[in-house]
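The values are calculated or read from the model by the stated rules, or taken from the named source; none is laboratory data. Remember, predicted model here, so these are calculated numbers, not experimental data. Here the Cβ positions follow ideal geometry from the backbone for every residue, glycine too, while neighbour counts run over all protein chains shown.
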Amino acid sequence: MMTNTGLMLSYLEKNSKNIPYQVWIGKPQGEKQYVTNDININSKVSPPSIPRNPTFTTFRQNQHVYLSFGYLEDYEVIIAIPETFYVMKVEELEYLNLLYQLSYQQEIVQKKDLELENLIEGIRSITSSLDLDEVLKKIVTNTLKVIPAADRGFLQLYDPVIDRLIPKAFVGFNDRLQLFKVKVGESITGKVFEDGKPRIYYTEEEVYAAMDKYHISEKNNDHILSSTSPFNSIKSAMCVPISIGENRLGVMIVHQRSREKKLTDHHLNLLNGFASQAAVAIQNAQLYSEVKMRLEEVTELSEKLKEKNQLLSKRNEVHGTLTKLSLQNKGAETIVLELNRMIGRSLSYFNATENVWYPNQANRVPVFSSDEIEKVFLKRRTPVYVDVFTQKKESYYLYPIVNGAIFLGCFVVSVSEPFSPLDQITVEQGSAVLALELVKKLTMTELYYTKTHEFFNELLQNKNRETCLEKGKEFNLNLNSFLFVSIFEITIYNDLQVLEMNIHRLVSRIKGKLQPFSILIYGFHNKVVLLVSLSNPSSISAVTKQFNVTMKEWRTNSGAPLRVGVGTLYKGIENVAKSYEEANLSLSYLKSRNKTELFFYENIGVNRLFLQQPSDDIERFLNEVFVPLQTEHGEHNDLEKTLLSYIKNNKSATNTAKQLHIHINTLYQRLKKIEKQLNLSFDNPEDALKIQLACHLRETFSYLQI
């Protein structure tokens, strides 16, 4: 109610004694009209629609005189007096007009002061922070203070990554509003962002019509409706862009859900002005966020560089220390002890090429067996954490030492917590130095193999017996004792480096198993040649037992197929060549049957008659017997199977028919057909021997293509 309303009514009462009247005062900016009634009037009347006049207008209707005083911004005062009582003079009307105008001006000034105060406070509030989320929230909150006719509102910023306007702050809505993400040009906010034109809608119908006009999606329509209570539906709305120059950042929209006040063009202008200030605050906050993010990135990068410099410094220090030990030929033992000191943890080193652990502690059993280590790194070449459960849980860090793809060994470190970067650097440098140590040692081992190979060839030739006997003592061999040769052969290999490494590992494993015995051993290409010297011939069973153990472990951990040929045990140096030849023949026999196992020459039996026979001769002989039996069905036809089964069952017709699951008469028919095809008779001893020999060779030399 206006401040001087009481004064105006007092003037009317004083100058209109005993005259009934009614007064309607229309508040500025579309606020709800209200009526002041005098007690002397009997019934209320409604004011008619009266044309506006710069001063005042008199209008007669329904036996009443209506005095209308109109002012700017829809402010007006209407006085209704029964026509029979109307006696007011022009001077009195002018006085009333002046009185009302003064009252109006006073209220307008008060409202403008309040608006200005709220606007200044709002601008101060949104520019007092550089935190973007806080700024956005304050913008919406202060907008509703600047425009009290609005009840709720939200702000959307454009996200170019997804090409959508995203709600960033809201008041009077629930969290469902966060799903209201519109395209440019979609719904009211999308359209305002697209063309940059402020919009106001005075009725609920206008609001929903505009949403439909600008093609709001069904999903977004559901989101905006479900973000408010159905009892608080929108009555009017206005939306303005948030822009800096031609660069639009987003939009802001406010809703009115009460009809006590209404939104006007004045409010739209006020909102648009506030949005311009809000745009500056948003840009400042965004720039601050970007600068802050850049500063954090620079700080983080600086810390990383500092940390990297520390790591490089540590790396150089570790590398220098370990390289010095290597150049001084201190050996793996010293290097491992130095690594223990550097990291302050229990560190062990497993040398896979020699199957030994460092540091060498005779009274301490390693946590992992060599077989377990080889299983872990059979295909893996990266570090791994392993938990061991005994009486309590113990954790270990296993770091492989490799040369290219070749597994040379690994570190085993007891850990109660993950490795630090500095510890990691230390272990990596230790790995590199020990890998070089191993390569250096392997090179020396190759030289030893060459020397050993040359001596073994001298033994095979045996040109100077006394010289060989004397030289054998250098290898700790008694060449006058019982001797035999074994050859270990890796049958499948693709990478020569891997093969070389496997040969070294196999030599080390064999040496480890045969420590109690005098041996001469070396690797050559894919084979390991072993000469064993025994004072007691009965000891050969203990040696061959270790052969079997070695093969089992190798098959379990390596996966590379291995076959072993063992020559006969003879006394004296003059039989070394013979045992060596027998070991090679044993390998040939295994190869002919495509087997990977341990085999003794003495077990070849009658097959030794054919081992040195040219394979072409054997193949021609087999073709003479089996090719005539082959039909259009291929090599595994009925006649061939029948012949092989018949001979295998020692010519028992009953057992053969049972094995082939055929009637015995069918068997007899097939046998007759075989005799006819081969032009021979099973009853002829010479023919029978030929057939038996062919079947035996077919099984023995199965690799031949018949």
Would you call Phe419 at pLDDT below 85 and assigned to a strand (DSSP E or B)? no
Within segment 119-177, track down each residue that is at pLDDT below 85 and part of a loop (DSSP other than H, G, I, E, B). Thr127, Ser128, Ser129, Leu130, Asp131, Ile147, Pro148, Ala149
Subset of segment 374-399, residues surrounded by 13 or more Cβ atoms within 10 Å (Cβ to Cβ) and in contact with a helix residue (DSSP H, G or I) (Cβ under 9 Å, 6 or more places away or on another chain), comes to Glu374, Lys375, Pro383, Val384, Val386, Tyr397, Leu398, Tyr399
Taking helices (runs of 4 or more DSSP H) that do not extend beyond segment 186-298, which have at least 3 residues that are under 20 Å from Thr143 (Cα atoms) and not polar (S, T, N, Q)? 187-195
Being of a type outside the set (Ser, Thr, Tyr), surrounded by 13 or more Cβ atoms within 10 Å (Cβ to Cβ), over 26 Å from Glu553 (Cα atoms) and within 35 Å of the chain's Cα centre (by Cα): is that true of Asn316 here? no
Can you tell me which residues in segment 351-393 are among the hydrophobic types (A, V, I, L, M, F, W, C), in a strand (DSSP E or B) and under 32 Å from the mean Cα position of the chain (by Cα)? Val384, Val386, Val388, Phe389
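Listed here are the residues, each with its yes/no results for (1) within 24 Å of Leu590 (Cα to Cα); (2) surrounded by fewer than 17 Cβ atoms within 10 Å (Cβ to Cβ).
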residue: Thr452; (1), (2): no, no
residue: Asn476; (1), (2): no, yes
residue: Gln497; (1), (2): no, yes
residue: Leu506; (1), (2): yes, no
residue: Gly512; (1), (2): no, yes
residue: Gln515; (1), (2): no, yes
residue: Tyr522; (1), (2): yes, no
residue: Val543; (1), (2): yes, no
I'm trying to understand the selection: among the residues of segment 412-450, which are of a type in the set (S, T, N, Q) and surrounded by 13 or more Cβ atoms within 10 Å (Cβ to Cβ)? Ser414, Gln424, Thr426, Gln429, Ser431, Thr445
Count, please, the residues in segment 190-211 that happen to be of a type in the set (A, V, I, L, M), surrounded by 15 or more Cβ atoms within 10 Å (Cβ to Cβ) and farther than 27 Å from Asp131 by Cβ. 4
Say we look at segment 619-640 and pick out the residues that are among the β-branched types (Val, Ile, Thr) and modelled with pLDDT of 75 or more; which of these is farthest from Glu581 (Cα to Cα)? Val627
When both residues are 6+ apart or on different chains and their Cβ atoms are under 8 Å apart, which pairs have a first residue that lies in segment 570-597 and is in the same structural domain as Met551 (by TED's automatic domain parsing) and under 21 Å from Asn536 (Cβ atoms), and a second that is of a type in the set (D, E, K, R) and surrounded by fewer than 19 Cβ atoms within 10 Å (Cβ to Cβ)? Tyr570/Lys578; Ile573/Arg465; Glu574/Arg465
Can you confirm whether segment 342-351 contains a residue that is closer than 25 Å to Tyr396 by Cβ and loosely packed, with under 12 Cβ neighbours inside 10 Å? yes
Pick from Phe488, Phe475: which is in contact (Cβ under 8 Å) with a residue 24 or more places away in the chain and within 55 Å of the chain's Cα centre (by Cα)? Phe488
Residue under question is Gln424, and the condition is that it be free of Cβ contacts under 8 Å to residues at least 12 places away in the same chain and either outside any helix (DSSP H, G or I) or of a type in the set (Gly, Ala, Ser) (or both); does it hold? no
Taking segment 174-189 as the search range and keeping residues that are in contact with a strand residue (DSSP E or B) (Cβ under 6 Å, 6 or more places away or on another chain) and in contact (Cβ under 8 Å) with a residue 40 or more places away in the chain, which one is surrounded by the most Cβ atoms within 10 Å (Cβ to Cβ)? Thr189
Does Asp371 satisfy the condition of being of a type outside the set (A, V, I, L, M) and either surrounded by 15 or more Cβ atoms within 10 Å (Cβ to Cβ) or modelled with pLDDT of 85 or more (or both)? no
Of Leu667, Leu671, the only residue that is more than 22 Å from Asn623 (Cα to Cα), in contact (Cβ under 8 Å) with a residue 24 or more places away in the chain, of a type in the set (A, V, I, L, M) and surrounded by 16 or more Cβ atoms within 10 Å (Cβ to Cβ) is Leu667
Name, by its number, the condition in (1) in contact (Cβ under 8 Å) with a residue 40 or more places away in the chain; (2) closer than 28 Å to Val207 by Cβ; (3) loosely packed, with under 14 Cβ neighbours inside 10 Å that does not hold for Ile224. (3)
